[in-house]
Amino acid sequence: MNNYSIYDFHISDLRDKNISGKNNTEINKLFFQIINSYLKDNMKILDIGTGNGYVLKEISEETTKKIHLYGNDNSEAMLKKAKENCNSATFSLCSNYNLNYENNFFDIVVGKNVTRFSAKEINRVLKPEGLFIFREYGKYKGMMEISKIFKDRLIRSRYKSYYDSKMKSNGFIVISSKYIIENRVFSNVDAIIGIIESFPMIKGFNKEDENILREIYAGSRDINITSDGFVAVYQKKKVK
């Protein structure tokens, strides 16, 4: 594995396991509904930080449009999974801060739960008036009760206003946005721990932290966790 590989194959297996199959949360359904509402034949769509290719797989299965799908990630392990999960897409090993694509190439860029990216780079690869459709969690990282336990150690805990400001300062306007607060049900504490390990949200999460959660939710089934998230659509300004 070369220097691009941030996630090892153990983490890629965890992520593949934890985001396989249908996700029927309201925020997820809204995200794909919005994407599908903008799709037209021959569009080029990029999924930044594609991970295991879940987003591209869902888009390809839900649309009847003849579109061209692309995904990038800076992990060889994740791209290996992505190619297995969505063989109709074209993938590139590159960072979200240095996208390996031409200027004005894509009609739509999408991002799901990607906190590290360059708005300037997204602007560069999008066509004039192209769209960035972004789904992310809010201050509590989509797991409010868990985040409150480790509130001083949350990684990139941000409000939507942070991303609005970031996009506006790099040549975008806000087309639409919606916050959704909803209830998620986890079968047991191991399912919660699996998510935390797959998508680092708590700095230095370790066995001691696991034990804290196991003590809190000892023997619990169908654990209710409050999720905070939003979907926003940003449009690249047309140069006059």
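The values are calculated or read from the model by the stated rules, or taken from the named source; none is laboratory data. The shown structure was predicted, so the numbers you read here are calculated from the model rather than taken from an experiment. Backbone-built Cβ (ideal geometry, glycine too); neighbour counts: all protein chains shown. Quick note on the areas: whole protein, heavy atoms, side chains included, nothing else; ligands and nucleic acids left out. Shrake-Rupley method; radii C 1.70, N 1.55, O 1.52, S 1.80 Å.
Laid out as a table, the results:
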read-out: Simple label model, 7 Å out from Cα along Cβ direction - Glu208 to Val174, nm; value: 4.0
read-out: The chain, accessible surface, carbon-and-sulfur percent (1.4 angstrom probe); value: 47
read-out: Positive minus negative residues near Asn188 (Lys, Arg vs Asp, Glu; Cβ under 9 Å); value: -1
read-out: Cross-link table Lys80/Lys139; Lys29/Lys207; Lys120/Lys141; Lys80/Lys168, entries beyond 27 Å C-alpha to C-alpha; value: Lys80/Lys139; Lys29/Lys207; Lys80/Lys168
read-out: Computed magnitude of the charge dipole of the chain (debye, nearest 20; Cβ of K, R +1, Cβ of D, E -1); value: 1020
read-out: Burial ranking of peptide ranges 130-137, 145-152 (average Cβ count within 10 Å, highest at the top); value: 130-137, 145-152
read-out: For Asn98, net neighbour charge (Lys/Arg +1, Asp/Glu -1) across residues whose Cβ lies under 11 Å away; value: +1
read-out: Most to least accessible of Leu154, Leu46 (protein chains only, probe 1.4 Å); value: Leu154, Leu46
read-out: Cross-link table Lys148/Lys178; Lys66/Lys112; Lys83/Lys238; Lys81/Lys203; Lys151/Lys236, entries beyond 32 Å C-alpha to C-alpha; value: Lys83/Lys238; Lys151/Lys236
read-out: Region 124-172 - accessible surface per residue (Å², probe 1.4 Å); value: 45
